[in-house]
1. Could you please give the count of residues in segment 384-395 that are open to solvent by 30 Å² or more (accessible area, probe 1.4 Å) and over 25 Å from the mean Cα position of the chain (by Cα)?
2. For G62, state whether it is at pLDDT 95 or above, surrounded by 18 or more Cβ atoms within 10 Å (Cβ to Cβ) and part of a loop (DSSP other than H, G, I, E, B).
3. Go over the candidates A166, A199 one by one and state the one that is crowded, with 24+ Cβ neighbours inside 10 Å and either within 26 Å of L290 (Cβ to Cβ) or modelled with pLDDT of 95 or more (or both).
4. Take the conditions more than 16 Å from N510 (Cβ to Cβ), touching a helix residue (DSSP H, G or I) at 6+ places or on another chain (Cβ under 8 Å) and of a type in the set (F, W, Y) and apply them to Y547. Does it pass?
5. Got at least one residue in segment 98-110 being surrounded by fewer than 21 Cβ atoms within 10 Å (Cβ to Cβ) and touching a Ser or Thr at 6+ places or on another chain (Cβ under 9 Å)?
6. How many residues are in contact with a Ser or Thr (Cβ under 8 Å, 6 or more places away or on another chain) and either within 16 Å of W603 (Cβ to Cβ) or assigned to a helix (DSSP H, G or I) (or both) when one looks only at segment 549-578?
7. Is segment 142-150 home to any residue that is modelled with pLDDT of 95 or more and assigned to a loop (DSSP other than H, G, I, E, B)?
8. Could you look through segment 71-97, keep only residues that are open to solvent by 80 Å² or more (accessible area, probe 1.4 Å), assigned to a strand (DSSP E or B) and in contact (Cβ under 8 Å) with a residue 12 or more places away in the chain, and pick out the one that is farthest from K32 (Cα to Cα)?
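The values are calculated or read from the model by the stated rules, or taken from the named source; none is laboratory data. Bear in mind that the values here come from a model prediction, so they are computed numbers and not experimental data. When we count neighbours, we look across all protein chains shown, and the Cβ atoms used for this are built from the backbone with ideal geometry, even at glycine. Ligands, DNA and RNA are stripped out before the accessible areas are found, and what is left, the full protein with its side chains, is counted by its heavy atoms. Shrake-Rupley method; radii C 1.70, N 1.55, O 1.52, S 1.80 Å.
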Amino acid sequence: MQAQQIASAITGDWLVKPVLQKAGMHISDDKKNITLFNGLVERTFRLFPNVACTGYKNITTGQQLIRAVMPEAVITINGKEYNVGGLYGQKEKAYLLPQWLDGFTAGENDFRFVSYDTGELKPFINWQARDWWSSNTQHPKGKQISFAYRNNEASLKDLLVKVHYAVYDGLPLMAKWVTIENKGTATYKIDGLKNEVLALVEEESAVVGKPEIMKKQQGIYIETNYAFNNAMRYELSDQTTHWKVDKSYTSQVNYDYNTPCVLEIYPDKAPGIELQPGESLTSVRSFELLMDSYDRERRGLAVRKMYRAVAPWTTSNPIFMHLVSRNDEEVQHAIDQCAATGYEALILSFGSHINMEDTSAANIMRWKKNADYAHSKKIKIGGYSLFSSRRISEEDDVINPLTGKTGGAFFGNAPCFGSRWGLAYRDKIKTFFTQTGFDIWENDGPYPGDVCASTVHPGHKGLDDSQWRQMETQKELYKWLNEKGVYINAPDWYFLDGTNKIAIGYREVNFSLPREDQKILNRQNIYDGTWEKTPSMGWGFVPLTRYQGGGKEAILEPLSEHLTDYEQLMIQYYGAGVQACYRGPRLYDTDATKQKVIEVISWYKKYRDILNSDIIHLRRADGRDWDGILHVNAALKTKGLLMLYNPTKERITRTIKVPLYYTGLSTVAVVAEKGNTRKTYKPDRNYDIELSFSIEPEGYTWFTIE
């Protein structure tokens, strides 16, 4: 354990104990500076002669991230780039001293600060906690401030630019976004919008080296609500993070001034918007989390805690079945099985007989009847709908700008969300949920970022605004559904705009492999897919029937003949707090199978709070020896739950170190195997205990820690 973590155990660690300090703002005595703070992070701005960020400090480590002043935002209007805020006059760019600020000046052509207003943090989505079994039912709290700017240029006098910041209670986290309001009669082309520009201290110095291979500043982690490409990870889905060099930083070590030390946040292919009179434009929203460690687990814990706070809907984690149905009788039979075993929701899977795009009165009435029946059994119901990876027509598919024809999209062919078909699809989905009372939408192939060169689609003007406008359409639909109480599974990174769950990350054809392989591969997927995602943010997969090939050795049906494997697959998913898509026509076939499902579900519900808590990664499954994970939550009575597996053909006995730091236990830990015999341990100076256990061949065990 790092020295910083050990020291923080004495003074308090925001990842273990709640932070008492609330978010606030402080204005300096001379009224020249304002600081946002919350006990973990502080960000300071010089107000005059123009606003500039002069300090961005991690209170836990003392790290100062800012080395030079930069504009607060950059907007390209009618082809010309304008700075918003910022100061000039800094000669040495390696560091910034407060006493230099009085000598700095404002840019004559820049947008200049005119006023600011403050208030309580407001939610970006009006989500309401319902009976979706959320571990967090509250919106985050904090403060926000908005700086207003105008430009003296006559042609720009009607544009009001506001740069907004939010600081959160209890996390080293800030959010930032920009709005542009057209208060005049002219139309402005917004060709580009950078909502964040930071001159950061470099992470490493190298005399030679290109920026793409040099390390970037690790003290700050940023996510925005503009991410897509079906990677199931934010880092690979992000469309907005850009590390740039600073040629004016002439004292840097790199001989060619190639150190990546300027961070800019903006989407590459957007916005390209014609801002009409009376309209406004909101940039992407940056969530900026200051990091206090290089440790992968600790950094992942920080990101997971951020999501629990800023997107509380992602903590919802209903127990659901994935039904493959041919008729309504099979739907009602599956609902009955869900109710009988303790399941909470039913999703009609791909290949089922549901069609959400059919808004005829007969279809709406049919599915409303099914929804009413599910609700009478206290079961939520949902269905699958595919958007992107399909061909619609020459008129409605995205137009490739290189060829002027359809084809060449992310999935080969795909509809444009701004086409007549795309806009109608959005409206049909809204109609279906409004009139049927359905609770869940599984949206496969959501908008993956395709640009479209069409000039006749009603949802965008042309190529320049096509990505932004399609993204707006997708995000508006998710937000609308979220605020209506609909739970959303979508295999892309739209969490910050209202989706609840994404695939944990798996290769579909692997489910045609033998069950023995699937068990180990699934545990690997869980282990790999929960570093940045909480358990509730990802789903796995269990094919009860044949899926993408494979023989009898790959499936669980008949369930009663493969009960040991069925139980193992349920345990390793529920034991990770991860819901899997149990895809097939039924949950049980015999009374013995039914009782086993009830037993596992009852166990999961008993320990649901800790099983939905954060995962500490102990040992990845490799088929050679034990593997396992540890759930931790210092706020619960059961502060830890350890899941251990033996993939070998022989009984094993092992002694391992179990890290208890994030359980909050420092003096005494009471450990019980499968809820039985309790044994007391004293954690060592690194907050570890030594635990011995035995596991039967191809079996598992679990321990509670209090």
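1. The first filter runs over segment 384-395 and keeps only residues open to solvent by 30 Å² or more (accessible area, probe 1.4 Å), leaving 384, 386, 389-392, 394-395.
This time we only want the ones that are over 25 Å from the mean Cα position of the chain (by Cα), so: 390-392, 394-395.
Residues that pass the stated criteria total 5.
2. It is false that G62 is at pLDDT 95 or above, surrounded by 18 or more Cβ atoms within 10 Å (Cβ to Cβ) and part of a loop (DSSP other than H, G, I, E, B).
3. Numbers: A199 fails: crowded, with 24+ Cβ neighbours inside 10 Å.
None of the other options fit; the residue is A166.
4. Numbers: more than 16 Å from N510 (Cβ to Cβ): no; touching a helix residue (DSSP H, G or I) at 6+ places or on another chain (Cβ under 8 Å): yes; of a type in the set (F, W, Y): yes.
So Y547 does not fit the description; no.
5. Of segment 98-110, the ones surrounded by fewer than 21 Cβ atoms within 10 Å (Cβ to Cβ) are 98-109.
Adding the requirement that they be touching a Ser or Thr at 6+ places or on another chain (Cβ under 9 Å) leaves 98, 101.
Yes, segment 98-110 contains at least one residue that is surrounded by fewer than 21 Cβ atoms within 10 Å (Cβ to Cβ) and touching a Ser or Thr at 6+ places or on another chain (Cβ under 9 Å).
6. Of the residues in segment 549-578, 8 are in contact with a Ser or Thr (Cβ under 8 Å, 6 or more places away or on another chain) and either within 16 Å of W603 (Cβ to Cβ) or assigned to a helix (DSSP H, G or I) (or both).
7. Going through segment 142-150, the residues modelled with pLDDT of 95 or more turn out to be 142-150.
If we keep only those that are assigned to a loop (DSSP other than H, G, I, E, B) too, we end up with none.
No, because not a single residue in segment 142-150 is modelled with pLDDT of 95 or more and assigned to a loop (DSSP other than H, G, I, E, B).
8. Within segment 71-97, the subset open to solvent by 80 Å² or more (accessible area, probe 1.4 Å) is 78, 80-81, 88, 91, 95.
Okay, now just the ones that are also assigned to a strand (DSSP E or B), so 80-81, 88.
From what is left, the residues that are in contact (Cβ under 8 Å) with a residue 12 or more places away in the chain are 81, 88.
Working: E81: 27, Y88: 16 Å.
For segment 71-97, the residue satisfying everything is E81.
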